[in-house]
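The next block holds one structure in the form of structure tokens; read it before the comments.
The values are calculated or read from the model by the stated rules, or taken from the named source; none is laboratory data. Source: prediction; values computed, not measured. Backbone-built Cβ (ideal geometry, glycine too); neighbour counts: all protein chains shown.
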Amino acid sequence: MARGGAGVRRRIWIGIAVTLVAAAATAWLWLRGRTYTIALTQTELEAKLAERFPLHKTHLLLVGVTYSNPRVKLTDGSNEIGLGVDARLDATVSDKELTGSADLVARLGYDAAEGMFVLRDARVTRVAISGMKDETAERVRSIANALAAEQVSGIPVYKVRPTDVKLALTRLVLQSVEVHDGVLYVRLGL
């Protein structure tokens, strides 16, 4: 009798496994070739980034800098995001507080496991520090470039809502990122 019960259970498990494989194959065939586009405006991106600021970082184990007021610039035809921030050094030089701003550009990356878009490969395009000569600012920019990729990479920009079933199923591949008419279009698909 025990042997017959084990055979029934085995057939049930096989039936469940076949059903799950068939469901997964059907979903894949239905979604294959389909793409889903997320449109993000400059205002939406700035609001998402503002949630992460002010941001305090210590550079080279010595210099503390507080970054604030993130600004996003979207350039038509680009696949990058322009980012501007204000910066304040946590120390004074000759009794003057050092403040300034920096502009960066970064690519948008996709973390499929988290369903999240993050900044990647940042590079500094401009540094302005109050009271600093242009040639000194250029040297600071070259040092800042080395730090930018590390400090900015991974900052979340947008998270796919888990309630959006279609997008949850397409968490696998980021197909393209482009800016048109001041809107960032991100295309996902299988």
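Hey, does region 126-134 have a residue that's closer than 19 Å to Tyr185 by Cα, at pLDDT below 85 and not in a strand (DSSP E or B)? No - not one qualifying residue is present in region 126-134. Thr163 falls short of the stated requirement of being at pLDDT below 75, of a type in the set (Val, Ile, Thr) and in a helix (DSSP H, G or I). I need a count of the residues in region 112-142 that are of a type outside the set (Val, Ile, Thr), buried (at least 16 other Cβ atoms within 10 Å of the Cβ) and more than 20 Å from Val65 (Cβ to Cβ). Count: 4.
Collect the residues in region 35-50 that are hydrophobic (A, V, I, L, M, F, W, C) and surrounded by 14 or more Cβ atoms within 10 Å (Cβ to Cβ), keeping them in residue-number order. Once the filter is applied, which keeps residues that are hydrophobic (A, V, I, L, M, F, W, C) and surrounded by 14 or more Cβ atoms within 10 Å (Cβ to Cβ), region 35-50 yields Ile38, Leu40, Leu45, Leu49, Ala50. In this entry, Leu74 passes the filter for residues that are in contact with a Leu (Cβ under 6 Å, 6 or more places away or on another chain) and either of a type in the set (A, V, I, L, M) or not assigned by TED's automatic domain parsing to the domain that holds Gly154 (or both). Screening Ala102, Ala122, Ala87, Ala112 for residues that are under 15 Å from Val152 (Cα atoms) and within 12 Å of the chain's Cα centre (by Cα) leaves exactly one candidate, Ala122.
When Lys96, Lys57 are checked against the criterion of being within 15 Å of Ser130 (Cα to Cα) and modelled with pLDDT under 85, Lys96 stands alone in meeting it. Before we move on, is Leu29 at pLDDT below 85, touching a Ser or Thr at 6+ places or on another chain (Cβ under 9 Å) and among the aliphatic types (A, V, I, L, M)? No.
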